[in-house]
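A.B. asks: The structure's right below; bear with me while I get my questions together.
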Amino acid sequence: MDRLALLLVMIGALNWGLIGLFQFDLVAFLFGGMDSWISRVVYTLVGVAGIYAIKFLFAERERT
C-alpha cells in the first residue's frame, strides 16, 4: 500500500510540475479532459494517496 501511495504521489507531482512549467495537464490529456470521470478518479486517487503519504513524515526510520 505504501508503494502504491508513493507512486500516485509521484504521478501527481509530475503532473503539477508539467502544469507549472508548460501549462500542460498530462492526466487531462491522457484521459479526455479535466471533466471526464476517469480524470476525476485519477485526481481523487492522487489526493487520497497524498493524504495517506502524510504518515511518512511521522514514521520512524529504520536504522541500518
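A.B. asks: Show the residue pairs that are 6+ apart or on different chains and have beta-carbon atoms under 9 Å apart, the first residue being within the stretch 1-18 and free of Cβ contacts under 8 Å to residues at least 12 places away in the same chain, the second being outside any helix (DSSP H, G or I) and of a type in the set (Asp, Glu).
C.D. replies: Pairs found: Leu18/Asp25.
A.B. asks: Determine which single condition Gly50 fails, assuming it passes every other condition in (1) touching a residue at least 40 places away in the same chain (Cβ under 8 Å); (2) outside any helix (DSSP H, G or I).
C.D. replies: The failed condition is (2).
Per-residue answers, yes or no, for (1) in contact with a Lys or Arg (Cβ under 8 Å, 6 or more places away or on another chain); (2) among the charged types (D, E, K, R); (3) on the phi < 0 side of the Ramachandran plot; (4) surrounded by 10 or more Cβ atoms within 10 Å (Cβ to Cβ):
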{"position": "Gln23", "(1), (2), (3), (4)": "no, no, no, no"}
{"position": "Leu30", "(1), (2), (3), (4)": "no, no, yes, yes"}
{"position": "Gly33", "(1), (2), (3), (4)": "no, no, no, yes"}
{"position": "Arg40", "(1), (2), (3), (4)": "no, yes, yes, yes"}
{"position": "Thr44", "(1), (2), (3), (4)": "no, no, yes, yes"}
{"position": "Ala49", "(1), (2), (3), (4)": "no, no, yes, yes"}
{"position": "Ala53", "(1), (2), (3), (4)": "no, no, yes, yes"}
{"position": "Phe58", "(1), (2), (3), (4)": "no, no, yes, no"}
{"position": "Glu62", "(1), (2), (3), (4)": "no, yes, yes, no"}
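Only the coordinates and a few stated rules stand behind these numbers; no lab work does. Remember, it's a predicted structure, so these values are computed and weren't measured experimentally. Cβ atoms come from the backbone with ideal geometry, glycine included; neighbour counts cover every protein chain shown.
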